[in-house]
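Read-outs throughout are calculated quantities, based only on the coordinates presented, and are distinct from any laboratory measurement. Computed from a prediction, not measured in an experiment: that's the story for all the values here. Cβ placement follows ideal geometry from the backbone for every residue including glycine, while neighbour counts extend to all protein chains displayed.
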Amino acid sequence: MTHLPPIRYSIVPLSPEAHLFEVRCTVADPDPEGQQFALPAWIPGSYLVRDFARHVVAIGASSGRRPVALEKIDKHSWRAAPIEGPLTVRAEVYAWDLSVRGAHLDTTHGFFNGSCVFLRPLGREDRRCEIEILPPGRRGTGGARYRNWRVATSMRRNGARAWGFGGYAAADYDELIDHPVEMGEFRVASFRAGGVPYEVVITGSRRLDTARLARDLKRLCEHQIRFFGKPAPMDRYVFLVTAVGEGYGGLEHRASAALLCARDDLPQPGVKAATESYRGFLSLASHEYFHAWNVKRIKPAAFVPYDLARENYTRLLWLFEGFTSYYDDLALVRSGLITRDQYLEILGRNITSHLRTPGRRRQTLADSSFDAWTKYYRPDENTPNAVVSYYVKGSLVALCLDLLIRDRTRDRTRDRGRGRKSLDDVMRALWRRHGLRGIGVAEGEFEHLAQEVTGLGAGLRRFLDTALHSTRELPLKALLATHAIDMVLRPAESSGDKGGRKAAGEAAALARRPALGVRTRAEGKDLVVTHVLDGGAAQAAGLAAGDVIAAIDGIRARSLDSGLDPVLDKRKPGDEIVLHAFRRDELLVLRARLRASPRDTCVLSLKSTKVAAPLRRWLRA
């Protein structure tokens with residue numbers, strides 16, 4: 001077998017104060033007809049064409065000291081003139097996207113995903129890649145200002161010392177862009193789970209309980225490894241955490257996760273209770289870690305391999321994102337990181353979020369997956385009315401499916417209510433048949449596999465067909481009841497009522513509370529309409545997204561944290577209110593007849609103080 005020379009890269013924070021990386025890509029044996037290079041149009045895990053090439057501010061090619069002509073042939077591709085001998089392309093890339101999917105550089109730290117910075121030599125993507133990561137400055141001459149900077153990545157070292165600048169390597173381009181890199185001054189917590197070393201790298205937070213963070217993540221990782229079965233699919237794993245004033249997001253990779261959170265989300269020294277915000281952070285970490293199996297290795301057939309130049313359409317994101325959203329919080333309760341009551345509150349909030357989305361009556365779950373590229377990741381003022389979330393509804397379909405399988409495979413006479421099968425068994429079968437073998441999951445294949453694994457027939461198939469390909473409501477109440485959980489729907493107490501908890505006020509008072517059918521935000525002293533919901537009083541009155549509500553019944557409207565609540569609390573359904581609103585520079589006078597608040601706020605509770613065996617087995621599996 002002929003040995004093919006590797007593709008060699010180097011990257012240096014060329015000018016942190018100007019947010020510029022310099023990236024070089026050298027091909028030893030370029031295409032004799034003219035080597036082409038391209039930057040990916042999107043990053044796996046975030047289903048939107050982002051056109052990373054727009055951040056290239058300068059680019060050129062050379063062979064040795066001789067310049068080589070480089071022609072741009074489309075929005076993200078270039079072709080070098082034919083030459084003999086090695087070809088190097090040098091690019092300067094602007095990095096000012098402080099998110100988990102981009103690249104960010106300043107004088108405090110640097111972060112990048114390979115999709116944003118590493119040019120792809122077309123026709124040679126399957127070759128070994130060798131990368132030199134250099135410290136800041138021109139070719140690494142940044143000086144004392146950066147002397148304490150280190151490097152954190154799950155990429156395999158190839159000459160670099162631990163946490164050091166220097167040489168790294170990847171088997172091919174696909175692996176190269178699947179190891180994000182953080183550089184700067186950061187804190188590190190370490191642990192082992194399932195025989196695998198883990199590092200938690202925290203940038204931007206000087207005060208946190210690293211021991212607790214490591215202890216909790218260890219329990220979480222050990223649980224998920226047991227769920228799919230040893231060994232873990234990676235030999236090392238890194239959580240890259242960027243803490244900011246306000247922020248939230250995550251992106252999965254084969255041996256790491258990039259997480260963005262608020263500083264207050266992280267555990268604080270001396271605080272023993274798990275705050276709601278910390279539970280949210282653990283849920284985020286759980287979600288991205290579960291993806292190490294479900295989407296990084298168990299993939300839709302449409303992603304095998306990824307086409308990085310254009311959209312990769314699939315109707316299966318409900319399985320890869322939605323089912324992961326089900327298991328992220330379930331893993332927390334099963335591993336003892338949250339209580340049963342906290343888990344029921346989370347489920348109640350998820351159901352509430354779904355019921356407050358009018359788009360669930362218009363878009364099917366399969367269509368939501370397919371349209372992610374143009375709808376879900378491009379939200380606008382009409383999104384709540386037109387789109388259903390494949391994350392939220394997908395997680396609720398997984399919940400229903402799990403409870404359905406457990407209930408219908410239960411031996412009620414001989415096994416004290418033990419479900420012989422569950423969704424867990426289907427996920428493990430997906431791992432064995434697809435993840436371990438690198439075979440993509442085709443459209444419709446999950447449904448057949450679920451029937452085969454569970455032994456359930458037409459009834460299971462009918463449920464999945466309805467849940468995935470229709471807009472009918474999910475049988476949540478009936479299926480939760482099979483596990484001794486009562487589901488109650490009530491009106492919201494206020495605009496900040498997310499559900500999951502019993503109301504503080506009386507039921508009669510809530511039933512009399514009216515609704516306008518809008519969502520608003522504060523902009524200075526203005527109260528701005530962000531969304532007008534289908535079928536609501538505001539829509540009937542003619543209010544529109546972007547309108548600034550100036551007065552209600554002749555009294556100036558102010559942007560309070562409580563929004564419209566003070567006005568609505570004094571009215572009842574059927575009352576008419578007069579709205580003065582600016583649309584652009586025109587003052588409108590609108591009359592809205594308030595309607596009863598919908599019963600769209602979910603609260604879950606146990607039917608009995610004695611925990612039923614099916615519930616116990618579900619939450620302790």
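Could you tell me whether the range 118-220 comes out rounded, prolate or oblate from its Cα gyration tensor? Rule is a ≥ b ≥ c as square roots of the eigenvalues, rounded for a/c under 1.5, then prolate if a/b exceeds b/c, otherwise oblate.
Details: a/c = 2.58, a/b = 1.30, b/c = 1.99.
Oblate is the answer for the range 118-220, as a/c is 1.5 or above yet b/c matches or exceeds a/b.
Cα centroids of the range 577-621 and the range 1-32: 53 Å apart. Dividing the mean sequence gap of close Cα pairs (under 8 Å, 6+ apart) by how many residues the range 201-263 holds gives a relative contact order of 34 percent. Charged side chains reduced to their Cβ positions (Lys and Arg at +1, Asp and Glu at -1) give the range 186-272 a dipole of some 340 debye around its Cα centre.
Taking R0 as 35 Å, what FRET efficiency do you get between A171 and E586 from their Cβ-Cβ distance, rounded to the nearest 0.05?
On the way: r = 61 Å, r/R0 = 1.74.
With R0 = 35 Å, the Cβ-Cβ based efficiency is 0.05.
Stretching N382 away from K230 to a fully extended chain increases their span by 50.2 nm, per 0.36 nm per residue minus the current alpha-carbon distance.
Could you tell me whether the range 186-272 comes out rounded, prolate or oblate from its Cα gyration tensor? Rule is a ≥ b ≥ c as square roots of the eigenvalues, rounded for a/c under 1.5, then prolate if a/b exceeds b/c, otherwise oblate. Present the calculation step by step, with values, prior to reporting the outcome.
Numbers: a/c = 2.14, a/b = 1.59, b/c = 1.35.
Taking the square roots of the gyration eigenvalues as a ≥ b ≥ c, the range 186-272 is prolate.
Evaluate E = 1/(1 + (r/R0)^6) for R145 and R558, where r is the Cβ-Cβ distance and R0 equals 60 Å; express this FRET efficiency to the nearest 0.05.
Working: r = 46 Å, r/R0 = 0.77.
Here the calculated transfer efficiency is 0.80.
Any idea what the dipole of the range 509-596 comes to, in debye rounded to 20, about its Cα centre with Lys/Arg Cβ at +1 and Asp/Glu Cβ at -1? Walk me through the intermediate numbers first.
Values: 15 positive and 12 negative charges, 56 e Å.
So the magnitude is around 260 debye.
Placing pseudo-labels 7 Å out from each Cα toward the beta carbon at H448 and K570 gives an inter-label distance of 6.5 nm.
The mean sequence separation of alpha-carbon pairs under 8 Å and at least six residues apart, normalised by the residue count of the range 509-596, gives a relative contact order of 33 percent.
Ranking of I555, I177 by neighbouring Cβ atoms within 10 Å, starting from the fewest: I555, I177. With the charge dipole of the range 7-185 set up from +1 on Lys and Arg Cβ and -1 on Asp and Glu Cβ about the Cα centre, the Cα lying farthest toward the positive end among the listed residues W149, V56, A41 is that of W149. Over the chain, dividing the summed -39,500 (n - 2.57) contributions of all DSSP H runs of at least 4 residues by the number of residues returns a 222 nm mean residue ellipticity of -7000 deg cm²/dmol. The C-alpha atoms of the chain define a longest principal axis, and helix 323-334 lies at about 80 degrees to it.
One decimal place: the segment L48-R521 gains 167.7 nm when fully extended, by the rule 0.36 nm per residue minus the C-alpha distance. For the residue pair A211 and D534, what label-to-label distance in nm results when each label sits 7 Å from Cα along the Cα-to-beta-carbon direction? Between A211 and D534, the label points sit 5.4 nm apart.
Considering only H580, S115, T466, the residue lying farthest towards the positive end of the dipole of the chain is T466, judged by Cα position with unit charges set on Cβ.
Placing a label point 7 Å from the Cα of S277 along the Cα-to-Cβ direction, the residues of the range 230-260 with a backbone N closer than 13 Å are 243-248.
Annotation: amide H of A550 within the under-5 Å range of H580, A581, F582, sequence separation 5 or more or interchain, hydrogens built in the peptide plane. Taking a ≥ b ≥ c as the square roots of the Cα gyration tensor eigenvalues, with a/c under 1.5 meaning rounded and otherwise prolate when a/b beats b/c, else oblate, which class fits the range 293-491? Here the range 293-491 falls in the oblate category.
Per residue, the average separation of C-alpha pairs within less than 8 Å and at least 6 apart gives the range 293-491 a relative contact order of 28 percent. In the chain, taking the dipole from charged Cβ atoms about the Cα centre, the farthest positive-side position among V388, G542, T409 is held by T409.
Apply 1/(1 + (r/R0)^6) to the Cβ-Cβ distance of L606 and E311, taking R0 = 60 Å, and write down the FRET efficiency to the nearest 0.05. List each step's numbers first, then the result.
Values: r = 45 Å, r/R0 = 0.75.
The computed FRET efficiency comes out at 0.85.
The charge dipole of the chain, taken about its Cα centre with unit charges on the Cβ of Lys, Arg, Asp and Glu (plus for the first two, minus for the last two), comes to roughly 2120 debye. Derived scalar couplings between HN and Hα for the range 366-382 equal 5, 5, 4, 4, 5, 8, 3, 5, 10, 10, 4, 8, 10, x, 9, 5, 9 Hz in order, rounded to whole Hz, by the Karplus curve 6.51 cos²θ - 1.76 cosθ + 1.60 (θ = phi - 60°), x for Gly and Pro.
Of the cross-linked pairs K230/K296; K75/K299; K375/K498; K477/K607; K393/K498; K218/K272, which ones have a Cα-Cα span greater than 20 Å in the structure shown?
Distance filter (> 20 Å) returns K75/K299; K375/K498.
If you line up the long axis of helix 210-228 against the longest principal axis of the chain, both from Cα atoms, how many degrees apart are they, to the nearest 10? The angle comes out near 90 degrees. A cut-off of 5 Å between modelled amide H atoms, ignoring neighbours fewer than 5 places along the same chain, links N312 with no other residue.
What list do you get for V453, V271 if you sort them by fewest beta carbons within 10 Å? Intermediate values should be presented prior to the final figure.
Numbers: V453 19, V271 11.
Exposure proxy ranking, most exposed first: V271, V453.
To the nearest 10 degrees, how steeply does helix 445-454 sit against the main Cα axis of the chain, on a 0 to 90 scale? For 445-454 against the chain, the angle is about 60 degrees. Amide H to amide H distances under 5 Å link A160 with G167, where only residues 5 or more positions off or on other chains count and H is placed in the peptide plane.
In this simple spin-label model, placing a label point 7 Å from the Cα along the Cα-to-Cβ direction at both A545 and R472 gives a separation of 3.1 nm.
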